[in-house]
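The values are calculated or read from the model by the stated rules, or taken from the named source; none is laboratory data. Just so you know, these numbers come straight off a predicted model, no measurement behind them. Reconstructed Cβ throughout: ideal geometry from the backbone, glycine too, with neighbour counts over all protein chains shown.
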Amino acid sequence: MKVPVPLQVRTAPQVFRGGLGIQVQGRSVVLIPAGMTLPVRRSRPFTTVSDGQRAVEVQVVQCGRRGERDAVIGRFLLGGVIPGPRGSARIDIGLSLDGGGVLRAWAHDRATGSREECVFGASPAVFPAAAAAGAAARSRGGSRGG
């Protein structure tokens, strides 16, 4: 007797159509460019911008197209930075976006080990399809965290 082999259903990969990044001194720095396949995780090192800086504010933005204003998604503060000359601290800042549209942002001070993380649920601004699916599930009585 043959044992049935389960079907493997392949789904098309989800692609994020916007760009996500952070604002540094009024300019956006893209960490997750448009067109990335989900899930995606990107980070890069940054540094302090002024002498004696004790904290770093991370402002997460959805990067607009050319000529459009970037939309602020949220912000958080990494404290515990050792004050020193401008550019002396090394801060890793990263973003990750999963297939359900949940965005995570984090900052990590390499010298002190201080770390902060902020989680943003699926929202229409970040990932419209995931937000709509989550709303539909909630209206049916289901739950999709976020």
Pairs needed: first member in region 59-86, closer than 24 Å to Leu97 by Cβ; second member anywhere, of a type in the set (S, T, N, Q) and in a loop (DSSP other than H, G, I, E, B); C-beta distance under 8 Å; at least 6 residues apart or different chains. Ile73/Ser123; Leu78/Ser114
I'd like to know if region 31-38 contains one or more residues that are within 15 Å of Leu103 (Cβ to Cβ), free of Cβ contacts under 8 Å to residues at least 40 places away in the same chain, among the small types (Gly, Ala, Ser) and surrounded by fewer than 17 Cβ atoms within 10 Å (Cβ to Cβ). yes
Search result, residues across region 71-81 that are loosely packed, with under 14 Cβ neighbours inside 10 Å and assigned to a loop (DSSP other than H, G, I, E, B): Gly79
Just to be sure I understand, how many residues within region 97-120 are farther than 23 Å from Thr47 by Cα and among the charged types (D, E, K, R)? 1
Scope region 87-109; condition touching a residue at least 60 places away in the same chain (Cβ under 8 Å) and assigned to a loop (DSSP other than H, G, I, E, B); matching residues: Asp98, Gly99
Of the residues that sit in region 97-116 and are more than 16 Å from Leu31 (Cα to Cα) and modelled with pLDDT of 90 or more, which one is surrounded by the fewest Cβ atoms within 10 Å (Cβ to Cβ)? Gly113
Need the failing condition index for Glu68 against (1) more than 13 Å from the chain's Cα centre (by Cα); (2) in a strand (DSSP E or B); (3) modelled with pLDDT under 95, just the number. (2)
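For every residue, the table says whether it meets (1) modelled with pLDDT under 90; (2) of a type in the set (Gly, Ala, Ser); (3) in contact with a helix residue (DSSP H, G or I) (Cβ under 6 Å, 6 or more places away or on another chain).
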site: Leu7; (1), (2), (3): yes, no, no
site: Gly21; (1), (2), (3): no, yes, no
site: Val24; (1), (2), (3): yes, no, no
site: Pro33; (1), (2), (3): no, no, no
site: Leu38; (1), (2), (3): yes, no, no
site: Arg41; (1), (2), (3): no, no, no
site: Val49; (1), (2), (3): no, no, no
